[in-house]
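What follows is one structure encoded as structure tokens, with my remarks underneath.
The values are calculated or read from the model by the stated rules, or taken from the named source; none is laboratory data. Because the structure is predicted, anything quoted here is derived from the model rather than measured. Every residue, glycine as well, gets a Cβ built from its backbone with ideal geometry; the counts of neighbours run over all protein chains shown. Please note that ligands, DNA and RNA were not included when accessible areas were found on the heavy atoms of the full protein model with its side chains. Shrake-Rupley method; radii C 1.70, N 1.55, O 1.52, S 1.80 Å.
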Amino acid sequence: MTPPDAAAPAPVASRADGRPPSADAQARLLLLIDVFSETKRGNGIEGRMKLAKLDFLLRYPGHFKRLLAIRRPGTDVGEDPWLTGAIEQSMIRYRYGPWDPAYYALLGALTGKGLIGPKHEDAVATYRTTAAGHGLALALAETESWRPVRDRARLLRQHFNLSGIKLKDLIYETFPDIVEADWGTHL
């Protein structure tokens, strides 16, 4: 099986299940990418592996809290961005840990709308928001429902701005159940 970072991109019109990418999933990724784009260097998120691991920690607040408590004991985790505890679409166990087959469609939708600008250099895709994407992310972050998502993304940038491989290793060390799960298992 080809790893996600080496696979040819799937068509961007729909998710792996045939449905178009959801607006909520697009908003979540836009906010995450924007937070990593607003630094002085403004590089965005380098690599789909890093994007997937950061999104995993954003989507699974229990895992985020546990990992943050180990990495930075005593740090305030802030408000839980998913007050209902429901995850829109669970991630699956893949070769390099948590992965969502919808990423290609989601990133394609955000790119097609001019909200992110992917850059491919040395076989690594880097995602950063465009001016329009940054403006939309700021507007989303002002709403009551998306503010906690942006706050959590900022905590991710502050405490987990590591390479995709280092994030994968950290997740594997902390959550052996993910490593032991069969490929394709929903997490």
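Please determine whether any residue of the range 142-160 is in contact with a strand residue (DSSP E or B) (Cβ under 7 Å, 6 or more places away or on another chain) and in contact (Cβ under 8 Å) with a residue 40 or more places away in the chain.
no
If you take the residues of the range 125-142 that are surrounded by 14 or more Cβ atoms within 10 Å (Cβ to Cβ) and aliphatic (A, V, I, L, M), which of them is modelled with the lowest pLDDT?
Taking the range 125-142 as the starting set, the residues that turn out to be surrounded by 14 or more Cβ atoms within 10 Å (Cβ to Cβ) are 125-130, 133-134, 136-138, 140-141.
Right, trim to aliphatic (A, V, I, L, M) and you get 125, 136-138, 140-141.
Numbers: ALA125: 89, LEU136: 97, ALA137: 97, LEU138: 97, LEU140: 96, ALA141: 96.
Looking at residues that are surrounded by 14 or more Cβ atoms within 10 Å (Cβ to Cβ) and aliphatic (A, V, I, L, M), I get ALA125.
Hey, among ALA25, ALA52, ALA105, which residue is assigned to a helix (DSSP H, G or I), at pLDDT below 95 and touching a Ser or Thr at 6+ places or on another chain (Cβ under 7 Å)? Spell out how you get there, then give the answer.
Working: ALA25 fails: touching a Ser or Thr at 6+ places or on another chain (Cβ under 7 Å); ALA52 fails: touching a Ser or Thr at 6+ places or on another chain (Cβ under 7 Å).
Result: ALA105 is the single residue among ALA25, ALA52, ALA105 that is assigned to a helix (DSSP H, G or I), at pLDDT below 95 and touching a Ser or Thr at 6+ places or on another chain (Cβ under 7 Å).
With (1) modelled with pLDDT under 85; (2) closer than 17 Å to LEU54 by Cβ; (3) among the polar types (S, T, N, Q) as the list, and THR75 as the residue in question, which single condition is left unmet?
The one condition THR75 does not meet is (1).
Exactly one of these conditions fails for ASP177: (1) at pLDDT below 95; (2) open to solvent by 20 Å² or more (accessible area, probe 1.4 Å); (3) in contact with a Gly (Cβ under 7 Å, 6 or more places away or on another chain); (4) in a helix (DSSP H, G or I). Give me its number.
(3)
From the list ASP122, ASP76, which one is open to solvent by 30 Å² or more (accessible area, probe 1.4 Å) and either within 19 Å of ASN43 (Cα to Cα) or in contact with a strand residue (DSSP E or B) (Cβ under 6 Å, 6 or more places away or on another chain) (or both)? Please lay out each step first, then the result.
Details: ASP76 fails: either within 19 Å of ASN43 (Cα to Cα) or in contact with a strand residue (DSSP E or B) (Cβ under 6 Å, 6 or more places away or on another chain) (or both).
Only one candidate qualifies: ASP122.
Could you pull out the residue among THR129, THR111, THR174, THR143 that is among the hydroxyl-bearing types (Ser, Thr, Tyr) and closer than 24 Å to HIS63 by Cβ? Explain how you work it out, then say what you get.
On the way: THR129 fails: closer than 24 Å to HIS63 by Cβ; THR111 fails: closer than 24 Å to HIS63 by Cβ; THR143 fails: closer than 24 Å to HIS63 by Cβ.
Checking each option against the conditions leaves just THR174.
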